[in-house]
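Down below is the structure, laid out as structure tokens.
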Amino acid sequence: MAATASPGQPRPVPRAPGRIGSEEYHSAPLPPAQEAAVLYAANMPVPAEAILKGLTRDPASRTNKQPWLMLFDLFEVTQNRSEFEALSLLYTVRFEQSPPVWAGGAEAASDPRRAQSRERKDFFALKPNSLGELGPEIERLVAFAESMGTVRIDFAKITAITASEAALLAAALQRLRRAGTPMWFNNAEVLEKVLRAAFNERASDAIRSFWLLLFELFVIQGKNEPFEELGLEYAVAFEISPPNWEVYVNSVAEAASRAPATPAAAPPPAAAAGFAMKGVISTASQNQFADLAAHAASGTEVVVDMGKVLRIDFAACAQFFEVVKAIQLAGKRVILSNLSELNAALLEAFGFNRHAILIRRKAN
């Protein structure tokens with residue numbers, strides 16, 4: 001892939017492999033928009049944003065809406081409302097039509113208040129302060145959550161954490177959970193990856209706090225199965241019993257689930273009849289891949305609703321490609337529908353359109 005970094009500003013760019021699973025193909029430089037999609041898939045939103053912004057300012061692509069729509073997707077999934085609105089004004093002037101509407105962002109499905117179009121004031125991006133310290137920010141997080149009564153915590157900026165910081169954060173989350181504070185997480189998988197990287201084969205008290213923080217994350221997210229699996233690893237590593245599972249009830253989400261359903265437009269037939277994938281598709285998404293393969297066993301047309309997929313991790317693209325390819329080679333018609341512009345560009349970069357029909361979601 002050809003990188004387009006500024007002079008003196010080299011940018012690490014993940015390269016699309018010359019082989020996807022068992023299928024070889026000619027590797028050629030990707031168009032800039034697809035390069036941005038690959039960077040986003042590799043969880044590198046900042047350089048992806050830089051490329052897309054450059055394309056929106058390029059006179060040679062004045063009539064090309066794709067980078068604009070990809071930027072709207074990027075700003076929404078990263079909860080950057082101010083940039084989204086600024087881009088909306090420029091889009092209206094450039095194309096003389098209404099821009100996409102803010103639909104709630106990455107966590108619309110898991111946070112019922114987003115469906116009510118309520119402005120979120122309880123967002124807290126947890127990241128090191130100017131001195132590189134996380135401890136003072138954790139204290140701020142607790143004070144903020146207690147003052148707001150609810151909190152959505154974004155872990156995207158955490159690239160490292162010490163054992164003492166992990167212990168402090170675990171205690172903070174446990175305090176908020178036991179106080180009944182409604183909590184949601186953005187980019188929890190980022191923190192999980194950092195914590196797992198801190199595990200090592202030689203267990204010691206010094207690293208137990210990393211494990212205990214991950215246990216707490218699973219409890220708050222209601223992830224019982226990963227909790228149990230981590231418990232087995234913990235018991236083997238430390239030769240002691242793991243923490244007990246505790247039930248956490250998010251009162252806001254619980255109330256929303258019990259509320260009478262409001263009348264809504266019927267879903268598109270393809271989404272209703274199809275298989276829905278969601279969240280971040282990663283190498284840990286074995287269950288979704290297996291369920292998709294099982295779903296595809298019946299019928300000759302397999303519709304996959306991708307509307308709730310936030311990101312397809314770069315490392316999982318080859319595996320996802322092989323699943324789709326196997327279904328298509330079994331004589332079935334595969335349709336990946338309701339794709340965001342970011343995810344559609346990524347799948348095109350990896351050649352998914354050789355084995356599936358890619359359908360983007362309708363722009364507002």
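Observations, loosely collected:
- Search result, residues across region 134-191 that are surrounded by fewer than 16 Cβ atoms within 10 Å (Cβ to Cβ), outside any helix (DSSP H, G or I) and without any contact (Cβ under 8 Å) to a residue 60 or more places away in the chain: Gly149, Lys157, Thr159, Ala160, Thr162, Ala179
- Of all residues in region 58-80, those that are aliphatic (A, V, I, L, M) and either farther than 15 Å from Pro99 by Cβ or not in a helix (DSSP H, G or I) (or both) total 2.
- Residues in region 315-352 that are part of a strand (DSSP E or B) and either basic (Lys, Arg) or more than 17 Å from the chain's Cα centre (by Cα) (or both): Arg333, Val334, Ile335, Leu336, Ser337.
- Residue in region 48-57 that is at pLDDT below 95, part of a loop (DSSP other than H, G, I, E, B) and closer than 24 Å to Asn80 by Cβ present: yes
- Test: residue in region 216-235 that is at pLDDT 90 or above, surrounded by fewer than 18 Cβ atoms within 10 Å (Cβ to Cβ) and of a type in the set (Phe, Trp, Tyr): no
- Matching entry among Glu301, Glu341, Glu322 (being in contact with a Leu (Cβ under 9 Å, 6 or more places away or on another chain) and among the charged types (D, E, K, R)): Glu341
- Glu35 vs. criteria within 22 Å of Leu126 (Cβ to Cβ), in contact with a helix residue (DSSP H, G or I) (Cβ under 8 Å, 6 or more places away or on another chain) and either modelled with pLDDT of 85 or more or assigned to a helix (DSSP H, G or I) (or both): no
- Arg120 in the same structural domain as Ala36 (by TED's automatic domain parsing), modelled with pLDDT under 90, under 20 Å from the mean Cα position of the chain (by Cα) and not polar (S, T, N, Q): no
- Residue within region 83-96 that is surrounded by fewer than 21 Cβ atoms within 10 Å (Cβ to Cβ), touching a Gly at 6+ places or on another chain (Cβ under 7 Å) and at positive phi present: no
- Long-range neighbours under 8 Å by Cβ, at least six apart or interchain, first residue in contact (Cβ under 8 Å) with a residue 12 or more places away in the chain and closer than 27 Å to Asp122 by Cβ within region 228-256, second among the hydroxyl-bearing types (Ser, Thr, Tyr) and assigned to a loop (DSSP other than H, G, I, E, B): Val252/Thr150; Ala253/Ser110
- Pairs are defined by a Cβ separation below 6 Å, a sequence spacing of at least 6 or placement on different chains, a first member in region 65-92 that is in contact (Cβ under 8 Å) with a residue 60 or more places away in the chain, and a second member that is assigned to a loop (DSSP other than H, G, I, E, B); the pairs so defined are Phe72/Pro100; Asp73/Ser340; Val77/Ala106; Gln79/Gly105.
The values are calculated or read from the model by the stated rules, or taken from the named source; none is laboratory data. Nothing here was measured: the structure is a model prediction, and the numbers come from that model. Every residue, glycine as well, gets a Cβ built from its backbone with ideal geometry; the counts of neighbours run over all protein chains shown.
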